[in-house]
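Throughout, read-outs are computed from the coordinates displayed, never taken from laboratory work. Computed from a predicted model, the values in this text were never measured in an experiment. For neighbour counting, all protein chains shown are included, and Cβ atoms are generated from backbone atoms with ideal geometry for every residue, glycine included.
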Amino acid sequence: MSEPPTHMSPDEFRRAGRLVVDWIARYMEEVERYPVLSPARPGEVRAKLPPRPPAGGDGVEQWLSDIDEIVMPGITHWQSPNFFAFFPANASGPAILGDLLAAGLGVQGMLWATSPACTEVETHVLDWLVHMLGLPERFRSDGAGGGVIQDTASSASLCALLAARERVTGLASNEHGVGGRRLVAYTSDQAHSSIEKAVKIAGIGRENLRLVPVDADFAMRPDALAQAIAADRAAGALPFFVCATVGTTSSTAIDSVRTIGEIATREGLWLHVDGAHSGSAALAPELRWVNDGLELADSYCFNPHKWMLTNFDCDCMYVADRAALIKSLSVLPEYLRNRATESGAVFDYRDWHVPLGRRFRALKLWFVIRHYGEEGLRAHVRRHVALAQSFKTWVEGDARFELAAPAPLSLVCFRHRGGDEANQRLLDELNASGRLYLTHTRLDGKLTLRMAIGSTRTEQRHVEAAWHAIRELAPD
Ligand SMILES: *Cc1c(COP(=O)(O)O)cnc(C)c1O
């Protein structure tokens, strides 16, 4: 027998843990001072790592010193208040502590029986969120529906597609014997790439995904959706799934969920609504128009890990009728059989997503809600929307720039009137300056800058400084 490994004793953990927590707290204080975008070139981080792992162990002081020397130069500071790229990935103190406790408990919550609290806190907090966001009551767990935490919106959309496939092929093979029919899915040409990925994974076939054209505001054209469905039916295919987006990644375009939902209901399609970023806006009652028509949806998802102060990863997925979802994902091998499952009185969340195992993610979400309360979370989204609306008026007031899309929430898409090359140069110079980080999209074929406001610590002065930098570096 070999010697047992030297575990970190509880006392050593206490000491090392304090050092790590202090390190994180200092990072929170100093994050604003770092150049936002990492300047690292490919291979630069690896070149500083030793070619072989250590034979014996070393300690927390050395780890932290390597974090400072090796890792930090390779970090893009998502938590910087000057981070305006993509969409935000909010982190917060209570979420970090919830994650730490989840790691400390080390629970694997695949079944209710493997830690009842892991399942029940999750179900309960997701029901709270139905209330907090004004979501349809049919998503609550005490009826036929319910919520579950997925890792990301991509997984939620995949599970929605699988449930939709189950519903329609179940019907087809049992009642009509047409299980071999070609299934067709619909979303707009502005939808997130995860829908295409889900279609690929689910074996629907890329050529059976219709990218429905959009209107002048980049929202799906319901008339074009109805036409595409009719054409596919005429060709003998079986339309089964439509995904509407509330807040597209490119420009936060808002599809008309109500009109699309009426078509889906009439045509018997599963309606999934992707509110990954913008769903959090509904925390503020005056922004709840983002939920319009959601009562027609079969499934819905939004990401607290984007704009609701909950560290990555945390996506909340809701279904109106959990039966199809569970039917599409449930398997029960002998070694997982147990009385609680057989009683039917509990949720086993492994049947609600692709993996078997699951972390206790609900803890960080629970702590976030408890720390901020409904009012604090409301203030968070309100502040960013107000800042974005100010930024929008500044763009409108400068003749060198134009708005590229409506900015209904916290993202402003704009461009210099000087054309693609001028915008590319401006973007590169801004990002190289380290003062902020912006990313781009393409709207109406033109290169467009995206100012996505929503980091945990972004305040008015940061948005003002960003606009100052943009004006300073923009050509006349
Ligand atoms: C960010 C985003 C996604 C993907 O989110 P993940 O959680 O990273 O999978 C999907 N849809 C929309 C509209 C998004 O903005």
Distance in nm between label sites at residue 182 and residue 52, each 7 Å beyond Cα in the beta-carbon direction?
5.9 nm
Row for segment 100-367, column shape: gyration tensor on C-alpha, a ≥ b ≥ c, rounded if a/c < 1.5 i.e. under 1.5, prolate if a/b over b/c, else oblate; value oblate
How do 241, 13 rank when sorted from fewest to most other Cβ atoms within 10 Å of their own Cβ?
13, 241
Please compute the net charge surrounding residue 348, taking Lys and Arg as +1 and Asp and Glu as -1 over other residues with Cβ under 13 Å from its Cβ.
+1
Starting from the Cα-Cα distance between residue 237 and residue 417, subtract it from 0.36 nm times their residue separation and give me the gain in nm to one decimal.
60.3 nm
For segment 197-244, what size does the Cα cloud have along each of its three principal axes, sorted from largest down, in whole Å?
32, 26, 14
Per-residue ellipticity at 222 nm attributable to helices in the chain (runs of n ≥ 4 DSSP H, -39500 (n - 2.57) apiece, nearest 500 deg cm²/dmol) works out to -13000 deg cm²/dmol
Debye intensity ratio I(q)/I(0), log10, segment 366-476, q values 0.15 Å⁻¹ (C-alpha model)
-0.64
Ranked highest first by average number of other Cβ atoms within 10 Å, how do 71-77, 202-208 line up?
71-77, 202-208
Which of the peptides 293-304, 418-429 is most tightly packed, and how do the rest follow, going by the mean number of other Cβ atoms within 10 Å of each residue?
293-304, 418-429
Amide H contacts under 5 Å for residue 443, restricted to residues at least 5 apart in sequence or on another chain and with H modeled in the peptide plane, are 448
Using the 10 angstrom Cβ neighbour count as an exposure proxy, how do 96, 470, 263, 24 rank, fewest first?
24, 96, 263, 470
With θ taken as phi - 60° and the coefficients 6.51, -1.76 and 1.60, list the Karplus ³J(HN,Hα) couplings across segment 109-124 in order, rounded to whole Hz; mark glycine and proline as x.
x, 4, 10, 3, 5, 7, 3, x, 5, 4, 6, 6, 5, 4, 4, 5
Other residues with Cβ under 14 Å from the Cβ of residue 20 give, with Lys and Arg +1 and Asp and Glu -1, a net charge of -2
Apply the Karplus curve 6.51 cos²θ - 1.76 cosθ + 1.60, θ = phi - 60°, to the phi angles in segment 127-133 and return the couplings in whole Hz, x for Gly and Pro.
5, 3, 5, 4, 5, 4, 9
Length gained, residue 323-residue 32, 0.36 nm per residue minus C-alpha separation, equals 100.0 nm
For residue 270, residues with placed amide H under 5 Å, excluding near neighbours
241, 242
Counting only DSSP beta bridges with both partners in segment 100-367, the antiparallel fraction in percent, to the nearest 5, comes to 40 percent
Placing +1 at every Lys and Arg Cβ and -1 at every Asp and Glu Cβ, with all other atoms neutral, what dipole size does the chain have around its Cα centre, in debye to the nearest 20?
440 debye
Which whole-angstrom value gives the distance between the alpha carbon centres of segment 114-156 and segment 442-462?
30 Å
Give me the net charge for the shell around residue 392: Cβ to Cβ below 12 angstrom, other residues only, Lys and Arg +1, Asp and Glu -1.
-3
Average Cα contact separation per residue, segment 100-367, under 8 Å, 6 or more apart, as relative contact order %:
28 percent
Calculate, for residue 439 and residue 7, the FRET efficiency according to 1/(1 + (r/R0)^6) with r their C-beta to C-beta distance and R0 41 Å; round to the nearest 0.05.
0.40
Under the Karplus relation with 6.51, -1.76 and 1.60 and θ = phi - 60°, whole-Hz ³J(HN,Hα) for segment 442-455, x at Gly and Pro, equal 10, 10, 6, x, 10, 4, 9, 8, 10, 10, 9, 9, x, 5
In debye to the nearest 20, how big a dipole does segment 193-314 give about its Cα centre with +1 on each Lys and Arg Cβ and -1 on each Asp and Glu Cβ?
280 debye
Please compute the modelled spin-label separation between residue 398 and residue 105, points set 7 Å along Cα→Cβ, answer in nm with one decimal.
4.8 nm
Segment 317-358 residues near the modelled residue 120 label - backbone nitrogen below 18 Å, point 7 Å along Cα→Cβ:
339-350
In this model, which of 48/197; 306/392; 48/306 are farther than 26 Å apart at the alpha-carbon?
48/197; 48/306
Out of every Cα-Cα pair in segment 82-134, what percent are more than 17 Å apart?
59 percent
Using modelled amide H (1.01 Å from N, peptide plane; none on Pro or chain starts), what sits under 5 Å from the amide H of residue 134, excluding residues fewer than 5 places away?
none
Once you order the gyration tensor axes a ≥ b ≥ c over the Cα atoms, which shape class does segment 1-57 get: rounded for a/c under 1.5, otherwise prolate or oblate by comparing a/b with b/c?
oblate
Given labels modelled 7 Å from the Cα in the Cβ direction, how far is it in nm from residue 15 to residue 128?
3.7 nm
Beta bridge orientation in the chain: antiparallel %, DSSP, nearest 5
55 percent
Would you list 451, 8, 220 from fewest to most Cβ contacts within 10 Å?
8, 451, 220
In terms of the alpha carbon gyration tensor, root eigenvalues a ≥ b ≥ c, rounded if a/c is under 1.5 and otherwise prolate when a/b exceeds b/c or oblate, the chain is oblate
